[in-house]
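*Asks:* Let me give you the structure first, and then I'll get to my questions.
The values are calculated or read from the model by the stated rules, or taken from the named source; none is laboratory data. Predicted model only: the values in this text are computed from it and were never measured. Using ideal geometry, Cβ is built from the backbone for each residue, glycine included, and neighbour counts are taken over all protein chains shown. Remember, those area values only see protein heavy atoms, side chains included, never the ligands or the DNA or RNA. Shrake-Rupley method; radii C 1.70, N 1.55, O 1.52, S 1.80 Å.
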Amino acid sequence: MSQENRKSALVQMYPNPEAQEKERKTFICIGVPRGGTSAVGGLMQRLGIFMGDDLPNNYEDPEFIQKTPAYMKEVIKKRTEDHALWGWKFPAAANYLELLLPHIENPHLVIVFRDLVATMKAHVRWHNRTQLFAAHEIILQQQKNWFLVERWQVPTALVSYEKAVLAPNLFTHEMANFLGMPHPDEEHQKEIAEFLTPGRYK
């Protein structure tokens with residue numbers, strides 16, 4: 001295995017050249033809370049994907065949080081009309097995505113994985129949960145994410161958060177390839193690498 005392959009943070013599932021060459025795509029970034037989705041969602045935005053208006057520092061679009069399926073369907077319709085390439089980030093979106101699939105044009109999934117222990121410790125710290133409860137919740141959500149991948153069988157990027165932040169330049173190029181976006185120039189790449197530094201992107 002080459003050194004670059006060892007550093008690679010992205011594995012693609014269900015590649016579909018026809019779907020990926022289409023001009024119109026919808027990207028959904030999911031994972032688990034405190035699991036690195038903010039870093040990846042922010043990177044997607046910096047690479048040119050419309051991820052929502054006036055986003056908070058966790059890059060979660062309020063239009064897709066605690067809204068009814070009917071409401072989100074209308075948002076999806078409007079976003080698809082307004083943007084050829086767009087998406088949204090919400091760690092637990094797998095909990096509602098099945099209801100939205102018929103309304104999503106050319107869906108592409110981005111699923112972020114982070115070390116269980118690190119994620120569990122973040123849940124204990126920030127959400128006042130026991131270690132056992134946090135571990136169960138994280139594993140259950142990732143199971144839901146994985147079953148979604150198997151059911152949908154659409155182009156999917158599986159992302160290792162740990163490897164992404166260790167090799168941000170390589171990861172940026174991998175994500176640009178998956179998204180079908182241009183690679184950033186040197187100055188923009190430097191800004192992205194700084195953004196991906198743990199603790200900087202939120």
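*Asks:* Normalised radius of gyration for the stretch 139-187, please: alpha carbon Rg relative to 2.2 N^0.38 Å, two decimal places.
*Replies:* 1.41
*Asks:* Here's something else I'd like to know. If amide H atoms are built 1.01 Å from N in the plane of the peptide, which residues on other chains or at least 5 residues away come under 5 Å of the amide H of VAL32?
*Replies:* THR37
*Asks:* May I ask you to evaluate 6.51 cos²θ - 1.76 cosθ + 1.60, the Karplus curve with θ = phi - 60°, for each residue of the stretch 73-80 and list the ³J(HN,Hα) values in order in whole Hz, giving x for glycine and proline?
*Replies:* 4, 5, 4, 4, 4, 5, 5, 5
*Asks:* Right, another one. Counting only heavy atoms of the protein chains, get the accessible area per residue of the chain (1.4 Å probe) and round it to a whole Å² value.
*Replies:* Per residue, the chain has 52 Å² of solvent-accessible surface.
*Asks:* So, one more: Roll a 1.4 angstrom probe over the protein heavy atoms and tell me the percent of accessible area of the chain that is carbon or sulfur.
*Replies:* Result for the chain: 52 percent of the exposed heavy-atom area is carbon or sulfur.
*Asks:* What order do LEU43, LEU132 take when sorted by accessible area (1.4 Å probe), most exposed first?
*Replies:* LEU132, LEU43
*Asks:* Among GLU81, GLU174, GLU150, what's the order by accessible area (1.4 angstrom probe), most exposed first?
*Replies:* GLU81, GLU150, GLU174
*Asks:* Next up: What do you get when you divide the Cα radius of gyration of the stretch 97-202 by 2.2 N^0.38 Å, with N the number of residues?
*Replies:* For the stretch 97-202, the normalised Cα radius of gyration comes out at 1.26.
*Asks:* With the cut-off at 14 Å, report for the stretch 61-121 the share of all Cα pairs above it, as a whole percent.
*Replies:* Considering the stretch 61-121, 61 percent of its Cα-Cα pairs are separated by more than 14 Å.
*Asks:* Using θ = phi - 60° and the Karplus curve 6.51 cos²θ - 1.76 cosθ + 1.60, what whole-Hz ³J(HN,Hα) does each residue of the stretch 191-196 get, with Gly and Pro shown as x?
*Replies:* 4, 5, 4, 5, 4, 6
*Asks:* Still on this structure: Expressed in nm to one decimal, what extension gain is obtained for the pair GLN143 and TYR96 from 0.36 nm per residue of sequence separation less their Cα-Cα distance?
*Replies:* Answer, rounded to one decimal: 15.5 nm.
*Asks:* Please report how many Lys pairs in the stretch 23-182 have alpha carbons closer than 28 angstrom, counting only residues at least 8 apart along the chain or sitting on separate chains.
*Replies:* Value for the stretch 23-182: 23.
*Asks:* If you don't mind, there's one more thing I want to ask. With every protein chain left in place, what is the accessible area of ARG129 in Å² (1.4 Å probe, nearest 10)?
*Replies:* Using a 1.4 Å probe on the heavy atoms, I get roughly 70 Å².
*Asks:* So what's the convex hull volume per residue for the Cα atoms of the chain, in Å³?
*Replies:* 127
*Asks:* Still on this structure, I have one more. Could you state the per residue volume, in Å³, of the convex hull enclosing the Cα atoms of the stretch 20-94?
*Replies:* Value for the stretch 20-94: 98 Å³ per residue.
*Asks:* Roll a 1.4 Å probe over the protein heavy atoms and report the accessible area of MET175 in Å², nearest 10.
*Replies:* The value for MET175 is about 0 Å².
*Asks:* Note the full-extension length gain between HIS127 and ARG151 as 0.36 nm times their separation in residues minus their Cα-Cα distance, in nm to one decimal.
*Replies:* Extending this stretch completely gives an extra 5.6 nm.
*Asks:* Pick out, from THR26, MET51, ALA93, the residue whose Cα sits farthest towards the positive end of the charge dipole of the chain, with +1 on the Cβ of Lys and Arg and -1 on the Cβ of Asp and Glu.
*Replies:* Positive-most Cα among the choices belongs to ALA93.
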